[in-house]
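Working notes, structure below.
Coordinate-derived values only; no laboratory data. Note that the structure is predicted; figures quoted are calculated from it, not measured. Don't worry about glycine lacking a Cβ; one is built from the backbone with ideal geometry, like all the others, and counts go over all protein chains shown.
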Amino acid sequence: MLEDLDGQVAVVTGGARGIGFSLAGALARLGVHVALLDLLPSVTDSAKTLSAAGVRTHGLRADVTSEDALAAAFAEVSQELGSPAILVNAAGITVWEDSLEGTKASWSKVIEVNLTGTYLACQAFGRACRDAGHGGAIVNVSSMSATVVNIPQHQVSYHASKAGVDMVTKALAVEWAPLGIRVNAVAPGYILSDMTRQFTEANPELAEQWRGLIPAGRMGEPADLDGLVVLLCSSAASYLTGQSVVIDGGYTAL
């Protein structure tokens, strides 16, 4: 069902580690040539690691909140790997803070990276597809936090940013359908990414509280998202667009 992915080119933001790197690896194993975008210097080494799958890879540092940086990055990807037909937006941050004490700067940083950065990366990708004369598939990494309030942590800016990602996904799916660009989102629950694992190891009581709220009885691993995301990138999902699919071990079903 996913054979059409072989030979395509994908851009993955936030691809140096964590969920982004895991999803890039899932695509690479299906024959997709992958470009990783990240602010971390390790992005080039991460890209080299993916080349073990037998595909061409490219890692470059880029700020998803910068229109100029994204335009330059997509131009470089097209030159190095070919015109991208897949975009996975996994770049994101969070801040835990009491809203009575939070600052405008803190709020703005989360919104800028998670929401504005997702939109700008989609825009750069959409322009690249239009200019190259082909369609494409976008998968934005949203969160179950777009629709439910996580406890006990306070993350109002994160919730707001991910709710915005879901609506950007819907709006662009409708607007860009005539261009042949499908836009979907995956909304993970608690996933043991690199950063989350570090936190749960330092705060085992909180990790246990989270697990107690998940019917599946465990937190997810980044690889738990692979199957859903590669499906959304493939023509096997050609009639699926404008959706945010929750994958959370049953957390939001309660």
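Data table
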{"quantity": "Boolean, SER108 is within 20 Å of the chain's Cα centre (by Cα), surrounded by fewer than 20 Cβ atoms within 10 Å (Cβ to Cβ) and not basic (Lys, Arg)", "calculated": "yes"}
{"quantity": "Test: SER51 is surrounded by 14 or more Cβ atoms within 10 Å (Cβ to Cβ), in contact with a Ser or Thr (Cβ under 6 Å, 6 or more places away or on another chain), farther than 12 Å from ALA16 by Cα and not aromatic (Phe, Trp, Tyr)", "calculated": "yes"}
{"quantity": "ARG218 vs. criteria of a type outside the set (Val, Ile, Thr) and in a loop (DSSP other than H, G, I, E, B)", "calculated": "yes"}
{"quantity": "Residues of the range 2-52 classified as of a type in the set (Val, Ile, Thr) and under 15 Å from the mean Cα position of the chain (by Cα), total", "calculated": "5"}
{"quantity": "Only listed residue being exposed (fewer than 13 other Cβ atoms within 10 Å of the Cβ) and touching a residue at least 12 places away in the same chain (Cβ under 8 Å), chosen from PRO215, PRO204, PRO222", "calculated": "PRO215"}
{"quantity": "GLU201 vs. criteria among the charged types (D, E, K, R), more than 20 Å from the chain's Cα centre (by Cα) and closer than 24 Å to PHE125 by Cβ", "calculated": "no"}
{"quantity": "Residue under evaluation GLU201, criteria (1) in contact with a Pro (Cβ under 9 Å, 6 or more places away or on another chain); (2) closer than 24 Å to LEU40 by Cβ, criterion not met", "calculated": "(1)"}
{"quantity": "Residue that is surrounded by the most Cβ atoms within 10 Å (Cβ to Cβ) [pool: residues in the range 225-238 that are aliphatic (A, V, I, L, M) and over 19 Å from ALA90 (Cα atoms)]", "calculated": "ALA237"}
{"quantity": "Selection status of ASP248, touching a residue at least 60 places away in the same chain (Cβ under 8 Å), among the acidic types (Asp, Glu), within 21 Å of ALA146 (Cβ to Cβ) and buried (at least 17 other Cβ atoms within 10 Å of the Cβ)", "calculated": "yes"}
{"quantity": "Checklist (1) aliphatic (A, V, I, L, M); (2) within 24 Å of ALA10 (Cα to Cα); (3) touching a helix residue (DSSP H, G or I) at 6+ places or on another chain (Cβ under 8 Å) applied to ILE214, failing item", "calculated": "(2)"}
{"quantity": "Candidates LEU213, LEU225, LEU231, filtered to the one that is among the hydrophobic types (A, V, I, L, M, F, W, C) and in contact with a strand residue (DSSP E or B) (Cβ under 8 Å, 6 or more places away or on another chain)", "calculated": "LEU225"}
{"quantity": "Answer residue from the range 71-82, given it is crowded, with 21+ Cβ neighbours inside 10 Å and out of contact with any Phe, Trp or Tyr (no Cβ under 9 Å at 6 or more places or on another chain) and is nearest to LEU30 (Cα to Cα) among those", "calculated": "VAL77"}
{"quantity": "Residues of the range 16-46 satisfying the condition of being in contact with a Lys or Arg (Cβ under 8 Å, 6 or more places away or on another chain) and part of a loop (DSSP other than H, G, I, E, B)", "calculated": "LEU39, LEU40, PRO41, SER42"}
{"quantity": "Strands (runs of 3 or more DSSP E) contained in the range 47-157 and holding at least 3 residues under 30 Å from GLY249 (Cα atoms) and touching a residue at least 40 places away in the same chain (Cβ under 8 Å)", "calculated": "86-89, 136-141"}
